[in-house]
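Asks: Quick one: the structure is below, and I'll ask about it shortly.
The values are calculated or read from the model by the stated rules, or taken from the named source; none is laboratory data. Worth saying up front: this structure is predicted, and the values here are computed from it rather than measured. Note that each Cβ is placed from the backbone with ideal geometry, even for glycine, and that neighbours are counted across all protein chains shown. To get the accessible areas, we keep the full protein, side chains included, count just its heavy atoms, and leave off ligands, DNA and RNA. Shrake-Rupley method; radii C 1.70, N 1.55, O 1.52, S 1.80 Å.
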Amino acid sequence: MRAIWKGAVSFGLVSIGVKLYSATEEKDIRFHQVHRDDGGRIRYKRTCQVCGEEVSYDDIAKGYDIGGGEMVILTDEDFAELPLSTSRAIDVLEFVPAEQVDPILYAKSYFLEPEGSATKPYVLLRDALVDSERVAIVKVAIRQREQLATLRVHQGVLLLNTMLWPDEIRTPDFGFLDEDLKVRPPELAMASSLIDSMAGDFQPDAFTDDYRAALQEVIDAKVEGREVVQPEEVEEAPAAAVDLMAALKASVERAKAARGEAPARGAGEPTPITAARSAQKKAAEKKAAKAPAKKAAEKKAAPKKAAAKKTAAKKAEPAKKAPAKKAAPKKAARKTA
């Protein structure tokens, strides 16, 4: 790493010489603008809108627009004369509990390395911050801008977190803040239960930038001349419209299932989603159970039905022959007459 600033941490009569290093870096894939046909880089010229000439960096100054087409031009000499008392010092203002600093104020992080013979007071300040469980509120000027910052300990190293000034934080102004919305206690209790079911310890290494990995895969495939086959995304069926309470209950059940926890016995009424699933499952099980029983009953009743049919057939035969015997004497009587 390369130091971007040198100075001293000053608190009381103690001064600690330090070097400043960027503690973070963005792992983003950067592209150049090129000509689609031949891949040539696209360059931009710095031209003046008044004379139309190209301007070099040495002739560029900072201008402040005061409106009406008028511009106030500031040079490097104007900035050098500004009264920055902390230009080469990290001036400690006070020590406060870390939880009192709102994270929205944090901007960028820097490591501090002791310089020369400043190692002993550096370690002393580091250990004192750890023992007091506080952070130092400091002022520092980096790149011609005075900034508010904190000093705290990270992995045995003093870490400088530059902060935004309070007037740089916007005030939220949204319509729903003026609405009188009431949250029912059961809903709040269920939401708290959902939070408890999804609670865990934060492990940054467990999360990855999937988009950057996929984009790098596409670039590597282009270099190697192969095609990238993207897996098909499984579209989830649209969920039925349920109320807030039912959605919270279903979310709790899903979170517990993801953790491998069995649902508690008697832990509330079933949700519309689970009730529908259990009803379908019971109906299928009932239908499957009836089918073998019905076949067994039919098989068992088959011999009885066959015997009954045979008996009925035997009884029916004499009834059919009886009329024929009675009709024979009539015919004989007619012939005799």
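Asks: What does the charge add up to near VAL123, with Lys and Arg as +1, Asp and Glu as -1, over the other residues with Cβ less than 13 Å from its Cβ?
Replies: Value of the local net charge: -1.
Asks: What spacing in nm lies between the two simple spin-label points modelled at GLN203 and ALA8, each 7 Å away from Cα in the Cβ direction?
Replies: It is 4.6 nm.
Asks: Note down the nm distance, to one decimal, between modelled labels 7 Å out along Cα→Cβ at SER132 and at GLU25.
Replies: For SER132 paired with GLU25, the spin-label model returns 3.4 nm.
Asks: Taking θ as phi - 60°, what are the ³J(HN,Hα) couplings along the stretch 57-68 by the Karplus curve (6.51, -1.76, 1.60), each to the nearest whole Hz, with x for Gly and Pro?
Replies: 4, 5, 9, 9, 10, 9, x, 10, 7, 9, x, x
Asks: Further, regarding this structure: Order of 95-103, 109-117 by packing, highest average Cβ count within 10 Å first? Present the calculation step by step, with values, prior to reporting the outcome.
Replies: Working: 95-103: 11.1, 109-117: 16.8.
Top of the packing list down: 109-117, 95-103.
Asks: Also, I was wondering about something else. Just add up the charged neighbours of ARG226: K/R +1, D/E -1, any other residue whose Cβ is under 15 Å from the Cβ of ARG226.
Replies: In short, -3.
Asks: Same structure, new question: Averaged per residue, what accessible surface does the stretch 49-170 expose to a 1.4 Å probe, in Å²?
Replies: Ligands and nucleic acids excluded, the result is 69 Å² per residue.
Asks: If you don't mind, there's one more thing I want to ask. Which length gain, in nm to one decimal place, applies between ILE195 and ALA61 when the Cα-Cα distance is subtracted from 0.36 nm times their residue separation?
Replies: Working: separation 134, 0.36 × 134 = 48.24 nm, distance 5.38 nm.
Gain on stretching ILE195 to ALA61: 42.9 nm.
Asks: Label TYR106 and ASP76 with points 7 Å out from Cα along Cα→Cβ: what is the distance between them in nm?
Replies: Distance between label points: 3.5 nm.
Asks: Could you go through the stretch 218-223 in sequence order and give the Karplus-derived ³J(HN,Hα) for each residue, using 6.51 cos²θ - 1.76 cosθ + 1.60 with θ = phi - 60°, rounded to whole Hz, and x for Gly and Pro?
Replies: Result, ordered by residue: 5, 5, 4, 5, 4, 5 Hz.
Asks: Here's another thing I want to ask about it. Pairs of alpha-carbon atoms within less than 8 angstrom and 6+ residues apart define the contacts here; what relative contact order does the stretch 42-84 have, in percent?
Replies: After rounding, I find 22 percent.
Asks: Can I ask one more? For ILE142, what residues show an amide H to amide H distance below 5 Å, using hydrogens built from the backbone and excluding near sequence neighbours?
Replies: GLN147
Asks: Carbon-plus-sulfur fraction of the accessible area of the stretch 35-124, 1.4 Å probe, in percent?
Replies: Details: 3870 of 7450 Å².
On the stretch 35-124, the fraction of accessible area on carbon and sulfur atoms equals 52 percent.
Asks: Using θ = phi - 60° and the Karplus curve 6.51 cos²θ - 1.76 cosθ + 1.60, what whole-Hz ³J(HN,Hα) does each residue of the stretch 103-116 get, with Gly and Pro shown as x?
Replies: Each residue of the stretch 103-116 in turn: x, 5, 7, 5, 10, 9, 10, 9, 7, 10, 10, x, 10, x Hz.
Asks: Then there is this: May I have the count of lysine pairs in the stretch 1-125 with C-alpha atoms under 22 Å apart, counting pairs 8 or more residues apart or located on different chains?
Replies: Working: LYS6/LYS19; LYS6/LYS108; LYS6/LYS120; LYS19/LYS108; LYS19/LYS120; LYS27/LYS108; LYS45/LYS62.
Going through the stretch 1-125 pair by pair, I get 7.
Asks: What is the magnitude of the charge dipole of the stretch 38-111 about its Cα centre, with +1 placed on the Cβ of each Lys and Arg, -1 on the Cβ of each Asp and Glu, and no other charges, expressed in debye to the nearest 20? The partial results should precede the final answer.
Replies: Values: 7 positive and 15 negative charges, 84 e Å.
The dipole magnitude comes to about 400 debye.
Asks: Would you mind calculating the gained length between THR171 and ALA258 on full extension (0.36 nm times residue separation, minus the Cα-Cα distance), in nm to one decimal?
Replies: Extra length from THR171 to ALA258 when fully extended: 27.5 nm.
Asks: Another question, then. Can you grab the distance from the C-alpha centre of the stretch 127-201 to the C-alpha centre of the stretch 1-66, Å, no decimals?
Replies: Taking the Cα centre of each part, the stretch 127-201 and the stretch 1-66 sit 29 Å apart.
Asks: Shifting gears a bit: Sorted by mean Cβ packing within 10 Å, highest first, what order do the peptides 172-184, 52-64, 212-224 take?
Replies: Per-residue Cβ counts within 10 Å, averaged per peptide and sorted highest first, yield 212-224, 52-64, 172-184.
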